[in-house]
Amino acid sequence: MQDKPAWRVSFLQLVDPFGWHAIGSEKAVEVRTKLGHFESMTWHQILTEGGGHNHPIPVGDLCKTARDRLEDLRLEDIDELVSLRLGGAERVWGIRDGNVMLLLWWDPEHAVCPSLKKHT
């Protein structure tokens with residue numbers, strides 16, 4: 001948890017659903033900048049001092065489409081993914097392995113694991 005994050009892109013999804021293919025060049029620069037900011041922090045800072053916006057999520061809590069996609073990728077043995085909030089509803093999803101996060105999905109609409117609003 002005291003290590004700073006590194007990113008691995010070999011699992012980056014470039015197809016629907018939640019694919020990076022849908023991201024424009026301006027947004028890609030913005031995402032790169034925000035991930036760069038995370039690189040100055042430790043995983044402890046990211047996951048515990050981030051106001052609860054960045055956190056691991058059990059795979060069972062993901063939407064069916066995301067669970068099915070993990071199965072298609074032969075990643076059904078993964079217990080949890082990490083969600084990093086970039087702003088508003090925007091999330092980047094991946095698999096954390098030590099200090100390395102294998103980037104998977106770009107989720108601009110918070111659709112991978114929609115949050116239920118209280119009192120609704």
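The values are calculated or read from the model by the stated rules, or taken from the named source; none is laboratory data. This one's a predicted model, so the numbers in the text were calculated from it and none came from an experiment. Please note: Cβ atoms are built from the backbone with ideal geometry, for glycine as well, and neighbour counts cover all protein chains shown. Calculation scope for accessible area: heavy atoms of the full protein, side chains included, ligands and nucleic acids excluded. Shrake-Rupley method; radii C 1.70, N 1.55, O 1.52, S 1.80 Å.
Filtering the stretch 63-90 to residues that are among the hydroxyl-bearing types (Ser, Thr, Tyr) and either under 20 Å from ALA6 (Cα atoms) or open to solvent by 90 Å² or more (accessible area, probe 1.4 Å) (or both) leaves only SER83. Out of GLY24, GLY98, GLY60, one residue alone is of a type in the set (Gly, Ala, Ser), surrounded by fewer than 16 Cβ atoms within 10 Å (Cβ to Cβ) and touching a residue at least 60 places away in the same chain (Cβ under 8 Å). It is GLY98. Scanning the stretch 29-57 for residues that are surrounded by 15 or more Cβ atoms within 10 Å (Cβ to Cβ) and of a type in the set (S, T, N, Q) turns up THR42, GLN45, ASN54.
Scanning the stretch 27-45 for residues that are of a type in the set (S, T, N, Q), without any contact (Cβ under 8 Å) to a residue 24 or more places away in the chain and within 18 Å of GLN2 (Cα to Cα) turns up at least one hit.
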